[in-house]
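Q: Next up is a structure, given as structure tokens.
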Amino acid sequence: MGLTTALTEMFGVTVPIANAPMGGSAGGALAAAVSDGGGLGMIGGGRGDLAWLDREMTLAARSTEKPWGVGFLSWAIDIAVVDWVVERRPAAVMFSFGNPDLFVPRVRAAGIPVLVQVTDLDEAGRALDLGADVVIAQGGEAGGHGGSGWATLPFVPAVVDMAGPTPVLAAGGIADGRGVGAALVLGAAGALIGTRFQASAEALVASEVSKALVDAGGADTERSRVTDILRGARWPSRYPARTVRDEHVERWRGREDELVEDLAAQRAFRAEKRGLPLWAGQSVELITNIRSATELVARLADEAESALIRAYPN
Ligand SMILES: Cc1cc2nc3c(=O)[nH]c(=O)nc-3n(C[C@H](O)[C@H](O)[C@H](O)COP(=O)(O)O)c2cc1C
């Protein structure tokens, strides 16, 4: 049957799946592994640490002949970072969270397709007005940062209806081929997947993180600003992060404004020098193993085809 979509045609890939550009953990090895599996591999450029990016982009370029891209946090970068990455000619550049107005035209002018991840209809409209080549509709089930208003199931078709000919990817809550098939049924041209690829052999995470992702259930996750406030992460308040709930989230839930003022509590948290929070979406429920990302992409594609055939036998 094959899963040819506007996404696969735009990038010359065979599977309509991209990994999320997860800052710090989606490095060159993960991007190359996803691309080798037939998807669109993405490096998580986050806030634009150029030394890290240089290393990871070099690794991706050495590891695969297939196309791969780089993603950034719009609120945390400046145009110099965009110019730097454009000069290195990745196959795609993605922007999430914040205002990409300055960045999208610059990348498009260089002839590189731009993906913009959006969390509500206003952001979707702005991304389309800017000329985004692909819009990624992220629902609140998603792992990591995002909006909390929309769920993926209604948000994706709403953005598809707005987008006309512009391809839309579904993000949030997709960890197996059934989810990929559902995204296609909603009118998306594919899926952008984070949590499932965080639990892959190539993600740059400690083995305790992989184990915790296998052990966690979807009901253990919660979207909250608490950990960002405690660690002084300066994330815009409209993008709380979904993590596996911990004692800090339990303690400060509903008291975020108080926590912003409580510098002693923030200092105490930073003095503990804890690792990063365990960012994970509700789809963590579906993750029972750690696999190579190349194998995962192939499985997701096969499962999606089977799910679609099961749903539409004729
Ligand atoms: C561990 C983790 C880190 C993430 N970091 C980023 C990031 O740096 N930039 C970004 O655009 N999205 C990031 N995201 C969000 C993804 O782009 C995507 O919306 C989300 O993973 C989709 O939902 P899923 O986790 O249910 O697949 C992250 C997600 C996770 C799970």
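The values are calculated or read from the model by the stated rules, or taken from the named source; none is laboratory data. All values derive from a computational prediction rather than experimental measurement. Heads up, the Cβs are rebuilt from the backbone with ideal geometry, glycines too, and the neighbour counts pull from every protein chain shown.
Q: Filter region 81-113 down to the residues that are under 16 Å from GLY48 (Cβ atoms) and part of a strand (DSSP E or B), then identify the one that is nearest to the ligand (Cβ to nearest atom).
A: SER96
Q: Every residue in region 114-126 that is more than 13 Å from the ligand (Cβ to nearest atom) and in contact (Cβ under 8 Å) with a residue 40 or more places away in the chain, please.
A: Scanning region 114-126 gives a single hit, LEU121.
Q: Which residues, counting only those in region 70-80, are within 16 Å of the ligand (Cβ to nearest atom), out of contact with any Lys or Arg (no Cβ under 9 Å at 6 or more places or on another chain) and over 18 Å from ARG238 (Cβ atoms)?
A: Across region 70-80, the qualifying residue is only GLY71.
Q: Please enumerate the residues belonging to region 130-172 that are near the ligand (Cβ under 9 Å from one of its atoms) and over 20 Å from GLU9 (Cα atoms).
A: GLN138, GLY139, GLU141, ALA142, GLY143, GLY144, HIS145, GLY146, THR152, GLY172
Q: Can you tell me which residue within region 12-29, out of those that are of a type outside the set (S, T, N, Q) and more than 19 Å from ALA142 (Cα to Cα), is nearest to the ligand (Cβ to nearest atom)? Step through it out loud before you land on a result.
A: So in region 12-29, the residues of a type outside the set (S, T, N, Q) come out as 12-13, 15-18, 20-24, 26-29.
Subset that is more than 19 Å from ALA142 (Cα to Cα): 12-13, 15, 27-29.
Working: GLY12: 22, VAL13: 18, VAL15: 15, GLY27: 12, GLY28: 15, ALA29: 16 Å.
Top of the filtered list is GLY27.
Q: For region 163-178, enumerate the residues that are under 12 Å from ILE17 (Cβ atoms) and buried (at least 24 other Cβ atoms within 10 Å of the Cβ).
A: Listed by number, the residues that qualify are LEU169, ALA170, ALA171, ILE174, ALA175.
Q: What number of residues within region 202-233 are among the hydroxyl-bearing types (Ser, Thr, Tyr) and either closer than 12 Å to ASP246 by Cα or part of a loop (DSSP other than H, G, I, E, B) (or both)?
A: Residues that pass the stated criteria total 3.
Q: Is there a residue in region 101-108 that is within 16 Å of the chain's Cα centre (by Cα) and modelled with pLDDT of 95 or more?
A: no
Q: Take the conditions at pLDDT 95 or above and outside the structural domain of ALA301 (by TED's automatic domain parsing) and apply them to VAL226. Does it pass?
A: On the way: at pLDDT 95 or above: yes; outside the structural domain of ALA301 (by TED's automatic domain parsing): yes.
Here the answer is yes, as VAL226 does meet what is asked.
Q: In addition: Search region 182-199 for residues being surrounded by fewer than 24 Cβ atoms within 10 Å (Cβ to Cβ) and either in a helix (DSSP H, G or I) or of a type in the set (Ser, Thr, Tyr) (or both), and hand back the single one that is nearest to the ligand (Cβ to nearest atom).
A: ALA182
Q: Quick check on GLU222: is it touching a Lys or Arg at 6+ places or on another chain (Cβ under 7 Å) and either of a type in the set (D, E, K, R) or away from the ligand (no atom under 13 Å from the Cβ) (or both)?
A: yes
Q: Take ILE112 and tell me if it is in the same structural domain as GLY46 (by TED's automatic domain parsing) and within 30 Å of LEU213 (Cα to Cα).
A: When the stated conditions are applied, ILE112 does not pass them.
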